[in-house]
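**Q** Below you will find the structure I want to go over with you.
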There are 2 protein chains.
Amino acid sequence: MVFDRVVVAGVGLIGGSFALALKAAGVARHIVGVGRRKETLDEALALGIIDEASVDWASALRGADFLLLAMPVGQMENVMAAAAPHLEPHTIVTDAGSTKSDVVDAIYRYFGSRLANVVPSHPIAGAEKSGPSAARVDLFRHRKVVVTPLEQNAPHAIEAVRAAWAACGAELHQMTPAEHDGVFAAVSHLPHLLAFGLVDDLARRPNAEQLFDYAASGFRDFTRIAGSHPEMWRDICVANRMALLKELDAYVAELARLRELLDAGDGAGLEKIFACAREARTAWGERRG
Amino acid sequence: MVFDRVVVAGVGLIGGSFALALKAAGVARHIVGVGRRKETLDEALALGIIDEASVDWASALRGADFLLLAMPVGQMENVMAAAAPHLEPHTIVTDAGSTKSDVVDAIYRYFGSRLANVVPSHPIAGAEKSGPSAARVDLFRHRKVVVTPLEQNAPHAIEAVRAAWAACGAELHQMTPAEHDGVFAAVSHLPHLLAFGLVDDLARRPNAEQLFDYAASGFRDFTRIAGSHPEMWRDICVANRMALLKELDAYVAELARLRELLDAGDGAGLEKIFACAREARTAWGERRG
């Protein structure tokens, strides 16, 4: 499978790495970058990430075989609204959004006439840096990509999206959008919320400076994700708030159980929970290698 | 300052490293290890960590200038009860417990006649491994040690305890026991409880395996401390439960605020909290180098 014309909307870390990987794998002949900011597009062009830059959807999408939507989830709706009128009947579309139910809602609203060809996906990859200069040809190599097809998707469209990510070296997985959002609310979105919350709580104390002075390596690792991008995580949390609220409630119930044990000085009860956690965490770490 | 006879009760990571460091600094002439398990003492002896092993408090403490209590906090009371009748009037005592209010309580109960000489302390150092073989001469180098003197402490006793830790290369700090426990409840004990709680919550789900399959590097760092020793953390949590309950309640209140914002889809409110956290976390990381 070779795509003659691939359009990448959002040429930062994710979109840029996708473009580099498709080109390196020889599955994209011509790559057009689309974005809001001309400087970002110029940078991607100068870095050889894209072959052509465009701020005009009509010309960018003319004859396009494949479109990747790789902007923050908060911008997804506006981008879909702008792109929809210019989508060719044969263009295969996917996205790289961190949440899927909200993206699917938007797909139904804006791409309703093209549902056969619009296959949502989520590459589980990221890095500390962002922007075109952070893009890497191997960002997706051996990383998971979760494809969450719609009932209406054509088999060849699902296959094309899977093939594009496979060309990037990714490991393909498949789930429903709701299942995806539940899983990532639990193992990604909730931990981010919890880490942001702890650091915010401490930072607002009158003795914040003293507290941070005595924080050590456990605190460092626990709060690393509190250094994540506020705008991006705002968008993810709002987009996935139904699943995230459910996870938050389950976690608060767990904390209530821990509080009872603590209050009662029930060392054996606490140790049981800690031991279960340690066993699961250690086994996971070992599986992961 | 040179100690002719130093007794180290508990010759694992902390006690063993203390012994190695005092010897290397030339401030301890003869080091006696005391412990419950003969094999551990024999191992410490074979590794050259101690000069003499003893399971008998009376002979171990005879003529001792300095005693370090370096066992888990849960064993502190029993050890104090056993050591108290054999303490010489001139012996300087300190401990390496992670909590201080409970240790101070025990000091008043068991070492009531020796309060001038018993100066609590807490070295902020640890490692993944434990036992004598994990001991390192440089474990305390450039690490903080918090000394929490009692009103009744003699100045020369405080000075001796500070000098011993300084000989290990540590950076000396001083607080009240209550202040110590509040600070460490916030920046160490609470994060451990939160990480144990999250992993336990997920591990008990029917789809635990799927959840862990999709956990990535953010989850890895956030939950690293959930791999900590259950017995040790049970003891710390129970020992410091008053301060820890206070911190847990403050954190649950923060989560309630986050829940309200999420439920209302208040992206701006969430972003404000995330941005405050990110700024504080980044500044802390930079100060820390």
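The values are calculated or read from the model by the stated rules, or taken from the named source; none is laboratory data. All values derive from a computational prediction rather than experimental measurement. Cβ sites come from the backbone with ideal geometry, for glycine too, and all protein chains shown count toward neighbours.
**Q** Give me the pairs, please: first residue somewhere in the range A:216-238 and surrounded by 24 or more Cβ atoms within 10 Å (Cβ to Cβ), second residue anywhere and aliphatic (A, V, I, L, M) and not in a helix (DSSP H, G or I), beta-carbon distance under 9 Å, and either six or more positions apart or on two chains.
**A** Correct list of pairs: A:Thr223/A:Ala215.
**Q** Which numbered condition trips up B:Leu190, out of (1) surrounded by 23 or more Cβ atoms within 10 Å (Cβ to Cβ); (2) more than 10 Å from every other protein chain (Cβ to nearest Cβ); (3) under 16 Å from the mean Cα position of the chain (by Cα)?
**A** B:Leu190 satisfies every listed condition except (2).
**Q** Next up: Which one is modelled with the lowest pLDDT among residues in the range B:73-86 that are surrounded by 22 or more Cβ atoms within 10 Å (Cβ to Cβ) and under 16 Å from the mean Cα position of the chain (by Cα)?
**A** B:Val73
**Q** For B:Ile273, are the conditions met, namely being within 7 Å of another protein chain (Cβ to nearest Cβ) and crowded, with 23+ Cβ neighbours inside 10 Å?
**A** Spelling it out, B:Ile273 is indeed within 7 Å of another protein chain (Cβ to nearest Cβ) and crowded, with 23+ Cβ neighbours inside 10 Å.
**Q** Sticking with this structure for a sec: Of all the residues that make up the range B:236-255, how many are within 7 Å of another protein chain (Cβ to nearest Cβ) and under 17 Å from B:Gly74 (Cβ atoms)?
**A** 4
**Q** Being touching a residue at least 60 places away in the same chain (Cβ under 8 Å) and either within 22 Å of B:Phe140 (Cα to Cα) or among the aliphatic types (A, V, I, L, M) (or both) is the filter here; which residues of the range B:166-187 pass it?
**A** Residues satisfying the conditions are B:Ala167, B:Cys168, B:Gly169, B:Pro177, B:Ala178, B:His180, B:Asp181, B:Phe184, B:Ala185, B:Ala186.
**Q** Right, B:Ile14: part of a helix (DSSP H, G or I), of a type outside the set (Lys, Arg) and touching a strand residue (DSSP E or B) at 6+ places or on another chain (Cβ under 8 Å) or not?
**A** Here the answer is yes, as B:Ile14 does meet what is asked.
**Q** In addition: Quick check: anything in the range B:197-214 touching a helix residue (DSSP H, G or I) at 6+ places or on another chain (Cβ under 9 Å), of a type in the set (Phe, Trp, Tyr) and without any contact (Cβ under 8 Å) to a residue 24 or more places away in the chain?
**A** Yes - at least one qualifying residue is present in the range B:197-214.
**Q** Of the residues A:Gly285, A:Gly289, only one is at positive phi and either out of contact with any strand residue (DSSP E or B) (no Cβ under 8 Å at 6 or more places or on another chain) or crowded, with 23+ Cβ neighbours inside 10 Å (or both); which?
**A** Step by step, each of A:Gly285, A:Gly289 is checked, and only A:Gly289 is at positive phi and either out of contact with any strand residue (DSSP E or B) (no Cβ under 8 Å at 6 or more places or on another chain) or crowded, with 23+ Cβ neighbours inside 10 Å (or both).
**Q** Taking A:Trp165 as meeting all but one of (1) within 15 Å of the chain's Cα centre (by Cα); (2) among the hydrophobic types (A, V, I, L, M, F, W, C); (3) within 8 Å of chain B (Cβ to nearest Cβ), write down the number of the exception.
**A** (3) is the only condition that A:Trp165 fails.
**Q** Then there is this: Can you pull out the residues in the range A:168-183 that are in a helix (DSSP H, G or I) and either among the acidic types (Asp, Glu) or over 30 Å from B:Phe274 (Cα atoms) (or both)?
**A** A:Glu179, A:Asp181
So that you can scan it fast, the table gives a plain yes or no per residue for (1) surrounded by fewer than 19 Cβ atoms within 10 Å (Cβ to Cβ); (2) hydrophobic (A, V, I, L, M, F, W, C); (3) not assigned by TED's automatic domain parsing to the domain that holds A:Val161:
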| residue | (1), (2), (3) |
| --- | --- |
| A:Glu88 | yes, no, no |
| A:Thr91 | no, no, no |
| A:Thr94 | no, no, no |
| A:Asp102 | no, no, no |
| A:Ser113 | yes, no, no |
| A:Val119 | no, yes, no |
| A:Ile124 | no, yes, no |
| A:Ser130 | yes, no, no |
| A:Ala134 | yes, yes, no |
